[in-house]
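Only one structure is covered here, and it is reproduced in the block below.
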Amino acid sequence: LLKEKGSGGSLSYLYSLVTGLFEFHPIHLDIESDGASLFSGNIFSVSIGICKYNGGGMKQLPNAIPNDGLFDVTIIKKMSKAKVLRSIHKVYDGTFVQMEEVKTFTGKEFTLTSSPTHKAFLETDGESLGHSPLHFTVVPSAIGMVVRKKM
């Protein structure tokens with residue numbers, strides 16, 4: 001809602017997270033990498049990417065290295081809505097990955113599947129791009145990046 005009105009940044013993402021939390025129901029998700037099962041269970045959220053930040057400064061992939069040729073995956077397992085609200089601040093500094101409900105993985109290829117009646121929806125930069133089953137493959141050095149030189 002705030003994003004549609006032209007407001008952006010951390011507050012609009014935080015607002016969306018808190019309001020969406022009360023309509024959300026965890027889904028069962030299976031995650032595989034190179035044919036091996038990594039995770040099977042009810043989830044609150046999954047992030048897959050090559051950079052540390054998304055969603056208005058949320059550090060959802062705190063160990064990601066953009067040029068290492070690997071995806072980082074963060075799974076937040078099902079937890080109570082109260083615990084989610086108490087832990088939101090940890091997503092902004094990346095310390096949420098130390099919680100027992102959080103699992104992290106790295107790899108070049110991932111497949112996510114869910115039951116046909118409870119699909120996992122893919123969103124990237126706020127745009128809906130489909131639903132499970134989903135397959136992700138890293139293409140190393142496919143995107144050129146310009147970064148500021150460290151001082």
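The values are calculated or read from the model by the stated rules, or taken from the named source; none is laboratory data. Fair warning: this is a prediction, and the values are worked out from it, not measured in the lab. Note that each Cβ is placed from the backbone with ideal geometry, even for glycine, and that neighbours are counted across all protein chains shown.
Observations, loosely collected:
- Any hit, the stretch 92-101, residues being on the phi > 0 side of the Ramachandran plot, part of a loop (DSSP other than H, G, I, E, B), in contact with a strand residue (DSSP E or B) (Cβ under 7 Å, 6 or more places away or on another chain) and among the charged types (D, E, K, R): no
- Against the conditions (1) in contact with a helix residue (DSSP H, G or I) (Cβ under 9 Å, 6 or more places away or on another chain); (2) among the aliphatic types (A, V, I, L, M); (3) free of Cβ contacts under 8 Å to residues at least 12 places away in the same chain, ALA82 satisfies every one except (1).
- Residue within the stretch 48-68 that is acidic (Asp, Glu) and within 15 Å of the chain's Cα centre (by Cα) present: no
- Scanning the stretch 91-100 for residues that are at pLDDT 95 or above and buried (at least 16 other Cβ atoms within 10 Å of the Cβ) yields a total of 3.
- Counted residues, the stretch 69-91 - those being over 15 Å from the mean Cα position of the chain (by Cα), among the hydrophobic types (A, V, I, L, M, F, W, C) and part of a helix (DSSP H, G or I): 2
- Test: residue in the stretch 130-149 that is surrounded by fewer than 16 Cβ atoms within 10 Å (Cβ to Cβ), charged (D, E, K, R) and not in a loop (DSSP other than H, G, I, E, B): no
- Residues in the stretch 10-51 that are surrounded by fewer than 16 Cβ atoms within 10 Å (Cβ to Cβ), among the aliphatic types (A, V, I, L, M) and touching a residue at least 40 places away in the same chain (Cβ under 8 Å): LEU11, VAL18, LEU21.
- Condition met for GLY41 (in a loop (DSSP other than H, G, I, E, B), more than 16 Å from GLU123 (Cα to Cα) and at pLDDT 90 or above): no
- Counting only residues that are outside any loop (DSSP other than H, G, I, E, B), touching a residue at least 24 places away in the same chain (Cβ under 8 Å) and not basic (Lys, Arg), the stretch 102-129 holds 11 of them.
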